[in-house]
Amino acid sequence: MTDESLTTDHRIPVTVLTGFLGSGKTTLLNYLLTESHGQRIAVIENEFGEIGIDDALVLDAEEEIFEMNNGCICCTVRGDLIRILGNLVRRRDRFDRIVVETTGLADPAPVAQTFFVDDDIRTQLRLDAIVTLVDAKHVMAHLDEVKPDGVENEALEQIAFADRLVVNKIDLVDEEELAAVERRLRSINAVAEIVRARNGKVDLDAVLGIGAFDLDRVLEMDPQFLAQTDHLHDQSVTSVAIDMPGDVEPGRLNRWLGKLLAEKGTDIFRMKGILAVAGEERRYVFQGVHMLFDGQPNRPWGDDERSNRLVFIGRNLDRAELESSFAACLTR
Amino acid sequence: MSVNTTVAANTLARGWTAHLEDYVASLAWSPDGELVATASVGGAIHVLWAAHGAERTPLTGHPGGALAVAWSHDGQALASGGTDGAVRSWDRSTGSGATVALGGGWVGDLAWSPRGAYLAAAVGRDVVILNGDMDPVDRWPDQPSTISSLVWTIDGRQVGAGCYGGVRWFEPGKDALHRDFAWKGSVLCLAMAGTGKWLASGNQDNSVHLWRLWSGDELEMAGYPLKVDHLEWHHSSRWLAVGNAEDVTVWDVSGKGPRGRRPKVLRGLTGKVTALTWQPAGDLLAAGSSDGDIVLWGSARASAPRSTVSLGSAISALAWSPDGTRLLAGTAAGQVTVVAV
């Protein structure tokens, strides 16, 4: 059972690079391609960028969102990616890594869900992380933009979905503005690590090989980090963290989670957690995108205090309600 | 619950093997059975002698990747399509080739009309009709999504294009949409029954959809474990075989159709079904799997496989010889092997 962590995953990692128009995605991409010596990287672009690297394979794709017949949001996938990635993995010249660059207006959910839902993709490719690039100078304005009813603020969604936030163009703002931007980002997404960049220059390790969808990485969630989920703004998309000692009763937990995802799955963009399930010696770790859920027992608790840490990122989340309903799942 | 059948199946006799450079995306046997054409993901198109597998003619391929090959009904023309957005043709008697750059996306599927007058090409979101001289004569652009599959009615008057949003029908020479089998879902593959009465689609949402032509009556078989991208009709049009996960299900579509009937499940594969094809005029059903096996069942109601063979690499394409005596298999490793049945 401990062998799980030793098995090697041979699937090709895929990084999803998202961010508003003007945030510097093409510059960052060109930088990554230049710096990643010896790695074969294929890039799938949804908008015409100017990739200046000759030996990179660059493929154009037009965003095609497929909703499935049952109307469930979690079954929304990207038909263009299924087709192009499916063809790419058949080639003999295997790639070490694939980067999917989405437009500034793209909804990250169908991109992420493609890696859960489509079997051909899931068995051959591994979603490494969603990396969202933000423009330090303009992100606040994008976030504050008032959209007509029913229209998503894409900048907000892309930040909420991110596993890593790259704050670019830091030279265009002063330290105070930068701190305000980071506070704002943190209030939306308490989990994603924030890295700073100038002209799209970041450490390769900061954006590639993150393993954000790897359940082992869920264990690394920093409780201190999650404690800082201040509600800074009167905004609809926030992070709610729950940190409670004790054991959860599995039946109650299942009913709670089932009900939560049925009622709020559309509003919950991302979730991650570590649970102490009564009668189980190991930590149960999970993560999910909307209603798609992936979880399994992981490292034993041993002498560590058994406790539960969960984080939800989503729209119109009721912190008090989430806390009290989760507390009702505890064994005492 | 599945019961392990331990009836020993015969091993199929292997014939020649040709080694191509890349994943075999498509295979087609010429109607006279003399030649076989192959398309590989690397872009190459080959024409091989069916008798021994030697190359008949090296053809120009599709830079970036080849996706489809199809022989005209008289066997005189071979058409191919690829990610370069081009259709290439080769004339067997003169040996001349032509390239028609269609632009607008990958040429993902090709279908000759039953009487051979037209070649339909799926070009990204466009449906294009070429005449016998390879001149584009009709183009219906900007369908709701990329066209995944094309199918002609048996009288050759209309061509149906599967995409996200259903099946769109067009008639050569007419601009207007002929008929729209609207359906909220993504169609991955289409198959027309030989009688022309039923159209089947395999879909991304793990379902099979059936339409009756032209009443438009429809029914759906949902609940497959995976997306459905392999289905084919028996020549009698009675049986519809669907390959999904490790099983092949066979629906009885006689009379009013499969409503209320349970399909026969054909077992014997250990990997996922990656190719599926019925013998042209017979009852043998062949399936290829992700772990490299080819399994042959004797009929739509077979309780166990009749014969098997393992090629060691995932089967990516299967094609029967026109006389139904040999089966051509392509693999993910670029191997093309003929087996006698």
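The values are calculated or read from the model by the stated rules, or taken from the named source; none is laboratory data. Fair warning: this is a prediction, and the values are worked out from it, not measured in the lab. Positions of Cβ are backbone-derived with ideal geometry, glycine not excepted, and every protein chain shown enters the neighbour counts.
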Criterion first (at pLDDT 95 or above, over 25 Å from residue B:66 (Cβ atoms) and touching a strand residue (DSSP E or B) at 6+ places or on another chain (Cβ under 9 Å)) does residue B:191 satisfy it?
no
Filter the range B:166-203 for residues that are without any contact (Cβ under 8 Å) to a residue 24 or more places away in the chain and under 21 Å from the mean Cα position of the chain (by Cα); the one that is nearest to the other protein chains (Cβ to nearest Cβ) is B:166
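Can you confirm whether residue A:81 is more than 20 Å from the chain's Cα centre (by Cα), at pLDDT 90 or above and buried (at least 17 other Cβ atoms within 10 Å of the Cβ)?
Judged against the criteria, residue A:81 is not a match.
Checking the conditions here, which among B:18, B:39 is part of a strand (DSSP E or B), within 14 Å of another protein chain (Cβ to nearest Cβ) and in contact with a Leu (Cβ under 7 Å, 6 or more places away or on another chain)?
Details: B:18 fails: within 14 Å of another protein chain (Cβ to nearest Cβ).
The match here is B:39.
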Run down B:57, B:17, B:11 and say which single residue is out of contact with any Ser or Thr (no Cβ under 7 Å at 6 or more places or on another chain), surrounded by fewer than 20 Cβ atoms within 10 Å (Cβ to Cβ) and hydroxyl-bearing (Ser, Thr, Tyr).
B:57
Any residue at all in the range B:42-62 that's of a type in the set (Asp, Glu), within 14 Å of chain A (Cβ to nearest Cβ) and either part of a strand (DSSP E or B) or touching a His at 6+ places or on another chain (Cβ under 7 Å) (or both)?
no
Considering only the range B:90-103, I want to know if a residue exists there that is surrounded by fewer than 22 Cβ atoms within 10 Å (Cβ to Cβ), within 14 Å of chain A (Cβ to nearest Cβ) and under 29 Å from residue B:321 (Cβ atoms).
no
Is there any pair linking a residue in the range B:246-263 that is at positive phi to one that is among the small types (Gly, Ala, Ser) and loosely packed, with under 14 Cβ neighbours inside 10 Å, with Cβ under 6 Å and at least six apart or on different chains, and which?
none
Residue hits (the range B:149-187; under 16 Å from residue B:116 (Cβ atoms) and charged (D, E, K, R)) are B:155, B:157
Out of all the residues in the range A:84-107, which are surrounded by fewer than 18 Cβ atoms within 10 Å (Cβ to Cβ) and under 22 Å from residue B:163 (Cα atoms)?
A:86
List every residue pair whose Cβ atoms lie under 6 Å apart, where the two residues are 6 or more positions apart in sequence or sit on different chains, the first residue falls within the range A:292-315 and is farther than 16 Å from residue A:212 by Cβ, and the second residue, located anywhere, is part of a loop (DSSP other than H, G, I, E, B) and hydroxyl-bearing (Ser, Thr, Tyr).
A:315/A:236
Enumerate the strands (runs of 3 or more DSSP E) found wholly within the range A:276-323, keeping only those where 3 or more residues are closer than 14 Å to residue A:216 by Cα.
A:282-289, A:292-300
Can you pull out the residues in the range B:208-228 that are crowded, with 20+ Cβ neighbours inside 10 Å, within 14 Å of chain A (Cβ to nearest Cβ) and either assigned to a loop (DSSP other than H, G, I, E, B) or touching a residue at least 60 places away in the same chain (Cβ under 8 Å) (or both)?
B:227, B:228
Selected residue (criterion: nearest to residue A:280 (Cα to Cα)) from residues of the range A:305-322 that are surrounded by fewer than 16 Cβ atoms within 10 Å (Cβ to Cβ) and not hydrophobic (A, V, I, L, M, F, W, C):
A:305
Can we say residue B:240 is surrounded by 15 or more Cβ atoms within 10 Å (Cβ to Cβ), away from every other protein chain (no Cβ under 14 Å) and touching a Phe, Trp or Tyr at 6+ places or on another chain (Cβ under 8 Å)?
yes
